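So the structure is just underneath, and the comments pick up after that.
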Amino acid sequence: MHIPREVVDKIYQNIDILEVVSDYVSLQKSGKDYKACCPFHNERTPSFFVTPAKGIFKCFGCGKGGDAVTFVMEIEGISYGEALRQLAQKYKIEIPENASQKPSDDELQKQNEVDALYIAMQFAKNFYQEQLLYTEEGKTIGLSYLKERGFNELTIKTFELGYATSDWDTFYRTAIKKGYNPTILEKAGLIQKKEGKNEYYDRFRERVMFPIHNVSGKVIAFGARTLKKDKDTPKYLNSPETPLYHKSKVLYGLFQAKKSILQKDECLLVEGYADVVALHQAGITNVVASSGTSLTQEQTRLIRRFTTNVIVLYDGDEAGLNAAMRGVDIILEEGLSLKVVWLPQNEDPDSFVQKHGTNAMLAYIQENAQDFIKFKTKYLLKNAENDPFRRGEAIREVVSSIIKIPDVIQRNVFFKECSQLFGIEEEILIREGNKILGKELKQKTNNEALSDLLQNDTDAFLEQKATEFSSVYHQEHETMRLLLCYADYPISQDVVFGQYLLKELQGLQFETPVFQEIFEIFARNLHEGRLLSHHDFMKMESREIRQAVINLISEKYELSPNWEAKAGIIVEKKDEKLNQVAYEAIMRMKWKAVQRMMKENQKNLQQASTEEEQDRFLQIHIQLKSIEQEIAKTLGNVVR
Ligand SMILES: [Zn+2]
């Protein structure tokens with residue numbers, strides 16, 4: 001499973017962090033950087049920055065940062081090796097056969113479980129694709145069904161559709177033969193254990209397989225549609241929740257749709273897998289499905305990474321109408337603009353586009369898309385007719401949707417519009433809204449107080465901050481930063497800064513373990529004639545080292561010019577005063593070391609049993625004291 005060094009280098013040479021990050025979030029240019037709302041924590045104003053010149057990203061909200069590889073690791077939850085593999089695939093870089101071979105059973109067990117699950121899902125996807133295209137049953141049943149539905153070859157390929165045959169354990173047996181571990185296959189939701197036995201069978205049988213991809217295109221689950229007509233068989237069977245698949249956090253088709261959503265700045269939301277596939281084939285590609293569940297907060301936030309405009313397409317029947325009234329408030333709550341389109345009676349997006357074609361579909365959406373709150377108001381009003389009680393209910397319903405909108409100005413626009421539709425004074429609607437808000441707020445506060453009690457994340461955060469600001473850390477941090485940023489800076493004709501610093505720091509210990517580790521690696525390499533820079537450290541396998549290096553070289557004022565102005569901090573150009581700064585940093589390290597030695601010496605002095613010993617330690621003390629004073633003079637410290 002090891003990837004050869006040359007290949008790793010090649011991957012790094014090809015990586016464009018903008019391209020990599022853009023697979024997951026929509027970036028906006030900001031000076032020489034790019035910014036976005038952070039995909040790792042929830043926020044509405046961007047504090048997530050990408051600096052292409054340095055090949056790094058950094059979030060000033062939650063502190064996450066790193067290079068493109070770290071980004072992929074973090075967002076996919078995969079290991080370093082698997083992230084490299086994914087990037088190699090993205091940039092069409094071949095990993096030599098013996099390295100990219102499917103892992104043996106033994107290797108699979110040793111590996112990171114998440115990696116193993118991804119590999120198993122990928123294998124399953126390929127397996128079902130082959131079953132669809134090359135087996136008799138696949139061709140006569142699966143493929144002919146898909147063709148009947150009007151899906152062409154390109155579509156089948158784009159969505160990686162497949163087929164699971166009616167055998168009980170074809171997949172299981174094939175996977176085992178290839179060396180896959182049954183525990184992993186079971187955990188991936190691909191096979192199930194026979195009751196009370198140590199035997200397995202396939203979860204998916206006699207079904208057309210719709211792989212469900214995550215945002216970057218990895219298969220994380222399957223939606224499997226039966227072709228049987230009998231009522232006892234559920235139409236769709238989905239993968240269970242697995243470490244890879246959390247139904248509430250996934251949108252079907254987002255991987256295939258994200259570019260188009262970005263371009264059109266609009267996302268169409270439909271109900272079924274087949275709707276997504278059909279619209280896509282018709283050239284309407286900015287479409288995703290929530291896989292049957294009503295939309296969740298996580299799904300809404302996924303959409304918000306790419307656009308803030310959502311149009312929901314509803315089937316033209318009673319069930320669709322009811323669905324429209326429920327479960328979309330979450331879209332408003334997350335600050336997205338929401339429109340709804342009502343399809344004609346007995347039509348769903350799939351059937352409509354197959355029957356009438358792309359242009360008719362697009363025209364229909366354009367003509368019929370209405371703002372959700374107005375739509376809801378009209379619908380409820382019509383239903384309430386002149387019944388005053390039901391009108392009251394309707395008003396409360398609509399108001400409870402309006403107050404979900406986080407933006408005050410937008411909210412007021414809706415209050416105004418609805419007051420006209422209801423024929424009621426705006427004031428009354430607003431008062432009703434405040435009443436509901438008050439109730440909700442009370443509930444929320446109770447919950448929040450509780451959750452605060454339950455989580456101690458805050459403490460860990462404060463503790464970390466405390467460490468960061470302790471002076472030792474600060475001194476070491478500064479020294480490290482100089483080493484990483486200016487190692488190749490010539491300070492005289494044949495000495496570069498890295499060599500100078502190394503010589504000066506010889507014998508000194510960094511108290512922060514990761515700094516010591518970096519320093520040792522640096523020294524070792526320099527000894528062998530290699531001068532390492534931060535680029536080299538960012539390629540190292542140790543996550544801790546990479547994280548430390550990122551933090552060192554991505555200081556706030558360097559990444560975000562605005563931040564500097566905002567905080568009123570003036571930062572000197574360090575490289576102009578490099579010599580002085582470096583000298584100071586070294587002196588501080590030395591001063592620190594002397595302090596440590598004096599403390600130790602004092603302890604020895606106290607424990608000394610003979611006069612001779614005491615004398616010796618006193619001598620040392622005097623020497624150290626004079627060195628300390630020497631250093632302190634240069635640093636301007638006061639020595640007592
Ligand atoms: Zn963040």
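Based on a Kirkwood Rh over C-alpha pairs, give the Stokes-Einstein translational diffusion coefficient of region 173-248 at 25 °C and viscosity 0.890 mPa s in µm²/s.
Numbers: Rh = 13.7 Å.
Stokes-Einstein gives a translational diffusion coefficient of 180 µm²/s.
When only alpha carbons are used to place a centre, region 603-618 and region 129-172 end up 86 Å from one another.
Around I405, under 11 Å between beta carbons, what's the net of Lys plus Arg minus Asp minus Glu among the other residues? Each step should come with its number before you reach the end.
Details: positive: K404, R411; negative: D329, E333, E334, D407.
Residues close to I405 contribute a combined charge of -2.
Protection proxy ranking for 207-213, 147-153, using the average of other Cβ atoms within 10 Å per residue and placing the highest first: 207-213, 147-153.
For region 250-368, the convex hull spanned by the alpha carbon atoms encloses 87 Å³ per residue.
Full extension of the segment from E544 to K177, taken as 0.36 nm per residue of separation minus the current Cα-Cα distance, would add 128.3 nm.
Got a sec? Charge dipole of the chain, +1 on Cβ for Lys and Arg, -1 for Asp and Glu; which of N286, L380, M538 is way out at the positive end? Among N286, L380, M538, the one farthest towards the positive end of the dipole of the chain is L380. For the pair R301 and H356, the difference between a 0.36 nm per residue extended length and the Cα-Cα distance amounts to 16.5 nm. Panel note: the C-alpha atoms of the chain, placed on their principal axes, show extents of 102, 70, 52 Å (largest first).
Which value in deg cm²/dmol, rounded to the nearest 500, describes the helix-derived mean residue ellipticity at 222 nm for the chain, given -39,500 (n - 2.57) per DSSP H run of n ≥ 4 and division by the residue count?
On the way: 32 runs with 360 residues, N = 640.
Using -39500 (n - 2.57) per qualifying helix, the result is -17000 deg cm²/dmol.
Computed from Cα positions, the angle between helix 611-635 and the longest principal axis of the chain comes to roughly 60 degrees.
Average accessible surface for region 327-403: 49 Å² per residue, computed with a 1.4 Å probe over protein heavy atoms with every protein chain in place.
Placing +1 at every Lys and Arg Cβ and -1 at every Asp and Glu Cβ, with all other atoms neutral, what dipole size does the chain have around its Cα centre, in debye to the nearest 20? Kindly include the intermediate steps, with their values, before the conclusion.
Numbers: 84 positive and 93 negative charges, 165 e Å.
The dipole magnitude comes to about 800 debye.
The value of relative contact order for region 5-100, using C-alpha pairs under 8 Å at least six residues apart, is 24 percent. Peptides 347-358, 610-621 ranked from most to least packed give 347-358, 610-621, packing being the mean of other C-beta atoms within 10 angstrom over each peptide's residues.
Taking 35 Å as R0, compute the FRET efficiency from the Cβ-Cβ separation of I436 and Y236 and round it to 0.05. Once the sixth-power term is evaluated, E becomes 0.45. Approximating the spin labels as points 7 Å out from Cα along Cα→Cβ, the N152-to-D407 distance works out to 3.9 nm.
Taking the Cβ of I330 as the center, what net charge do the other residues with Cβ under 13 Å away carry, scoring Lys and Arg +1 and Asp and Glu -1? Walk me through the intermediate numbers first.
Working: positive: R301, R304, R326, K404; negative: E298, D329, E333, E334.
Every neighbour counted, the sum reads 0.
With the biggest extent put first, the Cα atoms of region 102-245 measure 45, 37, 26 Å across the principal axes. When the Cα gyration tensor is reduced to axis lengths a ≥ b ≥ c, the ratio a/c is 1.5 or higher for region 374-450, and with a/b above b/c it is classed as prolate. For E195 and H2, what is the calculated FRET efficiency with R₀ set at 45 Å and r taken between the beta-carbons, to the nearest 0.05? That gives a FRET efficiency of 0.65. Under the criterion of Cα pairs below 8 Å and six or more residues apart, the relative contact order for the chain equals 8 percent.
Placing one identical point scatterer on every Cα of region 280-438 and ignoring solvent, what is log10 I(q)/I(0) from the Debye formula at q = 0.09, 0.19 Å⁻¹? Debye output, listed in q order: -0.32, -1.26. Mind listing the phi-derived Karplus ³J(HN,Hα) values for region 38-53, rounded to whole Hz, using 6.51, -1.76 and 1.60 with θ = phi - 60°, and x for any glycine or proline? Going residue by residue, I get 5, x, 9, 9, 8, 7, 10, 10, x, 10, 9, 10, 10, 10, x, 4 Hz, with x marking Gly and Pro.
Prolate is the label for region 5-100, because the ratio a/c of its alpha-carbon gyration tensor axes (a ≥ b ≥ c) is 1.5 or higher and a/b is greater than b/c.
If you count, for each residue, the other Cβ atoms within 10 Å and average over each peptide, how do 277-290, 396-409 line up from highest to lowest? The partial results should precede the final answer.
Details: 277-290: 23.3, 396-409: 17.6.
Result, highest mean first: 277-290, 396-409.
Axis of helix 388-402 versus longest Cα principal axis of the chain: the two differ by about 30°, to the nearest ten degrees.
The values are calculated or read from the model by the stated rules, or taken from the named source; none is laboratory data. Predicted, not measured: the structure shown is a model, and the values here were computed from it. Neighbour counts are summed over all protein chains in view; Cβ atoms, including those assigned to glycine, are modelled from backbone coordinates with ideal geometry. Surface accessibility is based on the protein's heavy atoms, side chains included, excluding ligands, DNA and RNA. Shrake-Rupley method; radii C 1.70, N 1.55, O 1.52, S 1.80 Å.
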